[in-house]
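Laboratory data are not the source of any read-out in this text; all were calculated from the coordinates shown. All values reported here derive from a predicted model rather than from experimental measurement. With ideal geometry, Cβ positions are generated from the backbone for all residues, glycine too; neighbour counts draw on all protein chains shown.
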Amino acid sequence: YLNDGNDERFYEEIYKALWGCLADKFNIELRQLSRETVEEKMREKQVPEAQQLLVMQTLNDVDMARFAPGDSASKKQAIYDESIRTIVQL
């Protein structure tokens with residue numbers, strides 16, 4: 001969806017991928033999955049603070065982009081790159 005102009009589907013897939021990765025990585029059931037739970041699990045697993053900040057910033061950026069109209073292709077690429085970097089660093 002990155003290049004097909006369907007911003008809504010693109011951000012929906014990025015959002016699902018990030019949350020799915022976090023749920024799997026930290027063994028969080030989907031019904032318990034929240035920002036607070038993710039932050040708690042990252043602290044428990046002693047994830048470095050820089051990585052914790054990256055995860056939370058990426059989630060914030062995706063949320064902002066999902067609900068902000070008039071997004072550009074370069075912003076989508078930046079969100080994609082940031083999301084990939086976040087997943088790889090986990």
Quiz item: What is the magnitude of the charge dipole of the range 1-52 about its Cα centre, with +1 placed on the Cβ of each Lys and Arg, -1 on the Cβ of each Asp and Glu, and no other charges, expressed in debye to the nearest 20?
Solution: 240 debye
Practice problem: Pop a pseudo-label 7 angstrom from the Cα along the beta-carbon direction at both residue 45 and residue 4 and give the gap in nm to one decimal. | Solution: 3.1 nm
Exercise. Would you please name the trypsin sites (Lys or Arg not before Pro) within the chain that are DSSP coil residues with at most 12 other C-beta atoms within 10 Å of their C-beta?
Key: 45
Practice problem: Identify all aspartates and glutamates with a Cα-Cα distance to residue 76 below 17 Å; exclude those on the same chain that are fewer than 8 residues away in sequence. | Solution: 4, 7, 8, 12, 13, 61, 63
Quiz item: When we measure straight from the Cα of residue 41, which lysines land under 18 angstrom away, once same-chain ones fewer than 8 places off are left out?
Solution: 25
Quiz item: the range 39-90: D in µm²/s via Stokes-Einstein (Kirkwood Rh, Cα pairs, 10 °C, 1.306 mPa s)?
Solution: 135 µm²/s
Quiz item: Given 4 °C and 1.567 mPa s, how large is the Stokes-Einstein diffusion coefficient of the chain in µm²/s, with Rh as the Kirkwood radius over Cα pairs?
Solution: 96 µm²/s
Quiz item: Going through the DSSP H helices of the chain, which span 15 Å or more along their own axis at the Cα atoms while scoring at least -1.0 as a mean Kyte-Doolittle hydropathy?
Solution: 7-25, 49-67, 73-89
